[in-house]
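K.L.:
What follows is a structure written as structure tokens; I'll ask about it next.
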Amino acid sequence: MSAPIFTYLPVLLVFIPIILGMLIFLVQKEGVRIFLALLASLIGFGGLSWMWPTISKGLVLATRPIFLAPEIFLYFRVDALGLLFALVSALLWIFTVIFTVKYMEKESFKGRFWGFLTLAVASGIGVTLAGNLITLFFFFEMLTVFTYPLVIHGETGAAMAAGRKYFLYLFVGEALLLFSVVFTIFLGGTVFDKVGMLPTTQSPNLLRFLLFTFVLGFGVKAAIFPLHRWLPEAAIAPTPVTALLHADAVVNVGIFGLIRVIYNVFGPELIQSLGMDGLLIWVATVTMIFGSVIALRQDDLKRRLAYSTVAHISYTLLGAAVLSASGLVGALIHLVSHAFMKVSLFFCAGAIDRGTGKKRVSELGGMGYRQPLVMVAFTVASLGLIGVPPTLGFLSKWYLWMGPLEAQQSIFLGALILSTLLCAFYLLPITYRAFFKHAEGPVERQRTSWFYLLPIFVGAVGGLLLGVFPKPFLILARVVSESFLGG
Amino acid sequence: MEKHFLILTVTVPLATATLIPLLSIRWERAGFWLASLALLFSFGSALILVGGVLVDGRIAYHVGGWAPPWGIEIFLDWVGAFFLLLASSLSLAVAIFSRIYVEQNLEASKIPLFYVLLLLLAGGMIGFILAGDIFNMFIFFEIFSLSSYALVAISGGLESLKASFRYLLMGTISSLFVLLGIGLLYSLTGTLYMPLLAQELGVLPYSGAIRAATALILVAFGIEAALFPLHVWLPGAHSLAPSPVSALLSGLVIKMGVYGMIKVLFYILGGRGSSEIGALFSLMAATAIIVGALFALRENDIKLIFAHSSVSQIGYVILGIYLFSYFGLAGGLLQVLNHALAKSALFLCAGVVISQAGFRRLEDLRGIGRRMPFLMVFFTIALASLASLPFTCGFASKYYLCKGAIERGEFWLAGIVLLGSFLTLLYCVKIVNYIFFATPAVGRGGGERSYPEVSPWMMVPIGVLGFGSLLVGIFPGLSFILIKPAVLGLLGMVR
């Protein structure tokens, strides 16, 4: 890899939104809060887009290490992998802000909500731009901390219970993660500047143990089975928060950490020589099937979508763990496609809930008449998630299917196909019910606010357009796979 | 020149303590002003002294001009400078905070007494830090221990008298053990001056007598440091004492036990027998970390939570010291700093709440964050630091402790450190939930409770501690100006 280009832009990109987020707590006027939140997201997205031309050429931007104490230093290093994740977060962040304006209009403690939302997404971007393990861990834990008040925003008994679960799962994960981080630093690696930072001379069992703790640590956030339980529970939070959890930051960051561990900390060769790639693939496969099957049985719309996330995030893990170029490209593209579609689906669920108070799939009869635009977008996003051409989901599945074939592990191809079918089974009946079933009781057409429709359509149509013009993300994904797997 | 401040920084608070009862007859606020001025002086001279240490590394003062081994030497080196800075600054903050608190919560006749005891406590601790021979260490140890028993009991309630008595019982055993140990060492070597003692002990075989003396003194300081299972006195004493006293007891006094251990282990024994002592004490420390946190998790009284949490947090310090490695010691000392700032800020905040609003159970604290936002922001910073979140001093100390444990191949200790900080996080979140994320409690009249304004005399010390916590949290490297040479000096003593 070539030497990184020196710049302090990543520091600004992370800390300016964080400072703006803190300012929000001091502001009393709702308009100013929205302005600050929007400003933070625009700064984030603007700065990241500005880096795109450089990064897509395969170059790397990095700051100098900022030492806080011996061995503990902040270091930001933007490579294609980080930029891809950061761009997804920042882009969806803007639309989450727009959606939140209307969605939270009548809620209390909005200052707190805006503040923590901004801080959380900014920390998520911090994780993706981190250049060493300590920085990654710092922002990873900050993301968990700042998301907690959002999860329990309702302050009801159910919200507090969900918060408790969120908290227990994620912080046990983080304790394991800190152990792995310290251990890796002890073994001599911290900066993500090469593929495989660990010395291969260590005893294999020790390295297997380290990989295991890493997978547990990041896996909790990536909601891999059986560490996924907090994610469906957290669906009780306001819809912008579920979007944050499922698409903007939290789950993405978990899978991001796993990719960093597989490729930057261990490296494909070491993983293979340890014989751990099989384990990762099996974990991903089980999660994929399990999540899809559970999703089938959920009547609560948000919970069904949440289990669908459990399944879809594991596609990404599977693609990354087969250690083949197509698999990795497919994994990254799938992450982008999933984020767009899932944000749209959740916003639809939120708009339906706010418009009609319906939360269950079984209550959605006639919804296609009541909120036609929302249900059209829902259908488009569902098709995108299933992977119907020409959406981005199709492209990602194409690459994902190539992955196991290249790696000659076709049994997992079967799992992918099965999971795709299941995905159709749990999403399409919703559309069917909305358009072709009658509602109980009177039905009237509703106007849906543009604050809802714009973010919903950006997700759904964005996924569609990116399927036709996938260049911005596909180039990044190719750069990632070239740098990790050598073309 | 600056070496004269060595003796002044001890004697000024002690001498002022004797003046307060006299001047209080005529002048009502004499206690507060004299105590604050004396501690301000101590703090100022501590700064000068630390400056001297930064230049020279070690400064010593021979009392009466008599050089050791005949005369008494008091000295300050890197480790001492670290503890001295903490002791003098915290005592000053607590003295300033006490002004309003004491007037609201103690009978007027006890106020001068309170300041007398506060000065004796502070002066005793500073003397303990500076003492160059173990007998003077013992004397100052007695001075600050006795004044802390009295301070625990000062409010005069039955419960606090009981707690104080329990503290007194354990404390007396502790002093007795120290004295016995010192006697043994003296009979073996014929000297009390620490460098000479270390030299003499170095040539002697590591006999049963040395072991016995070491064990006696370490257990004694273990009681003072509230190391599990010698901690039974702590929860009662720390939770029932007046809040500023709790802040000082938890923030500083238990650290004196740690400082005493450091003196014995490194200055006197030169790291001898470190493997067997280390194994036992790290086991005790590990238990303390977990058990203390579990007890804290179970409690409902805010000061009891903090008291149990001190048992757990001091476990980290002691674990770090008994790792006998660079990162272990650095983590331990950083944890001293972290816990001193965070825990005293927490106790002072609790003091404000208890004093202004009159309650201390978690249920009563519901929604208080919306009523006292600034106070609770500092409170949360301190809690975050305790829970070792990123960008706090706690994170750095846990990181180094973990690293130290892994370096020695003791993975389970690293696991204990992390499990402990997870449990700490749990009880911190429990408190935060009540403070910020619960509907405010209903007052007697049916409406929301009202909260009086917090006096700046209380807010400023809390603010300073909170900002200090934030500063060393974001830049833990600042404290390494003192910690790094201190740790290297300690490791240099290991033979």
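K.L.:
Which number do you get for Rg(Cα) / (2.2 N^0.38 Å) in segment A:4-485? Don't skip to the answer; put the middle values down first.
P.N.:
Working: Rg = 21.0 Å, N = 482, 2.2 N^0.38 = 23.0 Å.
My calculation over the Cα atoms of segment A:4-485 gives 0.91.
K.L.:
Taking residue A:57 as the anchor, which lysines have their alpha carbon closer than 24 Å to its alpha carbon, excluding any fewer than eight residues away along the same chain?
P.N.:
In chain and number order, the partners are A:194, A:471.
K.L.:
Still on this structure, please answer the following. Loop-only trypsin sites (Lys or Arg not before Pro) in segment A:30-114, please: DSSP not H, G, I, E or B, and at most 16 other Cβ atoms within 10 Å. Mind dumping the intermediate values first?
P.N.:
On the way: sites: A:33, A:57, A:77, A:102, A:106, A:110, A:112; in loops: A:57, A:106.
Answer by residue number: A:57, A:106.
K.L.:
Quick one: go through segment A:219-251 and flag any residue whose amide nitrogen is under 16 Å from the point 7 Å out along the Cα-to-Cβ line of residue A:300.
P.N.:
Within reach of a label on residue A:300, which here means backbone N under 16 Å from a point 7 Å along Cα→Cβ, segment A:219-251 contributes A:228-243, A:245-246.
K.L.:
Can I ask one more? Under a crude label model (7 Å from the Cα following the beta-carbon direction), how far is residue A:443 from residue A:26 in nanometres?
P.N.:
My value for the distance between the label points is 5.3 nm.
K.L.:
At a 10 Å Cβ-Cβ cut-off, how would you order A:64, A:164, fewest neighbours first?
P.N.:
Values: A:64 13, A:164 19.
Taking fewest neighbouring Cβ atoms as first place, the list is A:64, A:164.
K.L.:
Compute the separation of the alpha-carbon centres of segment A:351-367 and segment B:380-402 and state it in Å as a whole number.
P.N.:
First find each Cα centre; the distance between them is then 45 Å.
K.L.:
If the limit is 18 Å between Cα atoms, which of B:398/B:430; A:221/B:430; A:302/A:359; A:342/A:397; A:302/A:358 go over it?
P.N.:
On the way: B:398/B:430 21 Å; A:221/B:430 22 Å; A:302/A:359 8 Å; A:342/A:397 16 Å; A:302/A:358 11 Å.
The pairs that break the limit, which is 18 Å between Cα atoms, are B:398/B:430; A:221/B:430.
K.L.:
Here's something else I'd like to know. Per the helix-only calculation at 222 nm, which mean residue ellipticity applies to the protein assembly as shown, given -39500 (n - 2.57) for every DSSP H run of n ≥ 4 and division by its residues, nearest 500 deg cm²/dmol? Mind showing how you got there, number by number?
P.N.:
Values: 40 runs with 721 residues, N = 982.
That calculation yields -25000 deg cm²/dmol at 222 nm.
K.L.:
How much length is gained if the chain between residue B:363 and residue B:3 is pulled fully straight, taking 0.36 nm per residue apart and subtracting their Cα-Cα distance, in nm to one decimal?
P.N.:
Details: separation 360, 0.36 × 360 = 129.60 nm, distance 5.20 nm.
That works out to 124.4 nm of additional length.
K.L.:
Residues in segment B:77-106 near a label at residue B:40, defined as backbone nitrogen under 20 Å from the 7 Å Cα→Cβ point?
P.N.:
Within reach of a label on residue B:40: B:85-103.
K.L.:
Between rounded, prolate and oblate, where does segment A:372-436 land on the alpha carbon gyration tensor, with a ≥ b ≥ c its root eigenvalues, rounded for a/c under 1.5, else prolate if a/b exceeds b/c? Show your work: numbers first, answer last.
P.N.:
Working: a/c = 5.58, a/b = 2.18, b/c = 2.56.
The shape class here is oblate.
K.L.:
Next question, about the same structure. Indicate the gyration tensor shape class of segment A:1-95 (rounded, prolate or oblate), computed on the Cα atoms with a ≥ b ≥ c the square roots of the eigenvalues: a/c under 1.5 is rounded; otherwise a/b larger than b/c is prolate and the rest oblate. Intermediate values should be presented prior to the final figure.
P.N.:
Numbers: a/c = 3.16, a/b = 1.49, b/c = 2.12.
Oblate, since a/c reaches 1.5 and b/c is not below a/b.
K.L.:
Same structure, new question: Let's test the formula: R0 of 25 Å, r as the Cβ-Cβ distance of residue B:107 and residue B:18. What FRET efficiency results, to the nearest 0.05? Present the calculation step by step, with values, prior to reporting the outcome.
P.N.:
Values: r = 22 Å, r/R0 = 0.88.
It comes to 0.70.
K.L.:
What spacing in nm lies between the two simple spin-label points modelled at residue A:194 and residue A:49, each 7 Å away from Cα in the Cβ direction?
P.N.:
3.8
K.L.:
Pop the C-beta distance of residue B:28 and residue B:453 into the FRET formula with R0 = 22 Å and round what comes out to the nearest 0.05. Don't skip to the answer; put the middle values down first.
P.N.:
On the way: r = 23 Å, r/R0 = 1.05.
Approximately 0.45, to the nearest 0.05.
K.L.:
Ok, one more. Can you compute the charge dipole magnitude of segment A:1-150 about its Cα centre, using +1 on each Lys and Arg Cβ and -1 on each Asp and Glu Cβ, nothing else charged? Give it in debye, rounded to the nearest 20. Mind dumping the intermediate values first?
P.N.:
Working: 9 positive and 6 negative charges, 56 e Å.
It comes to approximately 260 debye.
K.L.:
Which of the lysines could a cross-linker span from residue B:263 if the Cα-Cα distance has to be under 19 Å and same-chain partners fewer than 8 positions apart are dropped?
P.N.:
Cross-link targets: B:255, B:484.
K.L.:
Mind putting a number on the dipole of the protein assembly as shown about its Cα centre? Charges go on the C-beta only, +1 for Lys and Arg and -1 for Asp and Glu, and I need it in Debye to the nearest 20.
P.N.:
Details: 61 positive and 42 negative charges, 404 e Å.
That gives the protein assembly as shown a dipole magnitude of about 1940 debye.
K.L.:
Please identify every one of the GluC sites (Glu not before Pro) in segment A:405-487 that sits in a loop by DSSP and has no more than 10 other beta carbons within 10 Å of its own beta carbon. Before the final figure, lay out the partial values.
P.N.:
On the way: sites: A:406, A:440, A:444, A:482; in loops: A:440, A:444.
In loop regions of segment A:405-487 (DSSP not H, G, I, E or B), the sparsely surrounded GluC sites (Glu not before Pro) are A:440, A:444.
K.L.:
Another one. Please list, by residue number, every one of the chymotrypsin sites (Phe, Trp or Tyr not before Pro) in segment B:19-59 that is coil in DSSP and has at most 15 other beta-carbon atoms within 10 Å.
P.N.:
Numbers: sites: B:27, B:32, B:33, B:41, B:43; in loops: B:27.
The qualifying sites are B:27.
K.L.:
On the first, second and third principal axes, largest extent first, how far apart are the outermost C-alpha atoms of chain B in Å?
P.N.:
Over chain B, Cα extents along the principal axes are 75, 60, 42 Å.
K.L.:
Fewest to most neighbouring Cβ within 10 Å: what's the order for A:195, A:145? Before the final figure, lay out the partial values.
P.N.:
On the way: A:195 18, A:145 22.
In order of increasing Cβ crowding within 10 Å: A:195, A:145.
K.L.:
In nm, to one decimal, how far is the residue B:180 label point from the residue B:196 one, both placed 7 Å along Cα→Cβ?
P.N.:
The two pseudo-label positions are separated by 2.7 nm.
K.L.:
Explain nothing, just compute: Karplus ³J(HN,Hα) = 6.51 cos²θ - 1.76 cosθ + 1.60, θ = phi - 60°, for every residue of segment A:216-225 in order, whole Hz, x for Gly and Pro.
P.N.:
5, x, 7, x, 4, 6, 7, 6, 7, 4
K.L.:
What shape does segment A:305-393 take by its C-alpha gyration tensor, where a ≥ b ≥ c are the square roots of the eigenvalues and a/c under 1.5 counts as rounded, a/b above b/c as prolate, and the rest as oblate?
P.N.:
Values: a/c = 3.43, a/b = 2.34, b/c = 1.46.
Judged from the Cα gyration tensor, segment A:305-393 comes out prolate (a/c at least 1.5, a/b above b/c).
K.L.:
Further, regarding this structure: What percent antiparallel are the DSSP beta bridges of segment A:4-485, to the nearest 5?
P.N.:
On the way: 8 of 10 bridges.
If we restrict to bridges inside segment A:4-485, about 80 percent are antiparallel.
K.L.:
With a 10 Å Cβ neighbour count serving as the proxy for reagent exposure, in which order, fewest first, do A:348, B:402 appear? Present the calculation step by step, with values, prior to reporting the outcome.
P.N.:
On the way: A:348 32, B:402 28.
Going from least to most buried by this count: B:402, A:348.
K.L.:
Semi-axes of the equivalent ellipsoid of the protein assembly as shown: what are they in whole Å, largest first, if each equals the square root of 5 times a C-alpha gyration tensor eigenvalue? Walk me through the intermediate numbers first.
P.N.:
On the way: eigenvalues 635, 211, 98 Å².
Working from the Cα gyration tensor, I get semi-axes of 56, 32, 22 Å.
Quick note: the coordinates plus some simple rules give every number you see, no bench work behind them. Fair warning: this is a prediction, and the values are worked out from it, not measured in the lab. No Cβ is skipped: glycine too gets one built from the backbone with ideal geometry, and neighbour counts run over all protein chains shown.
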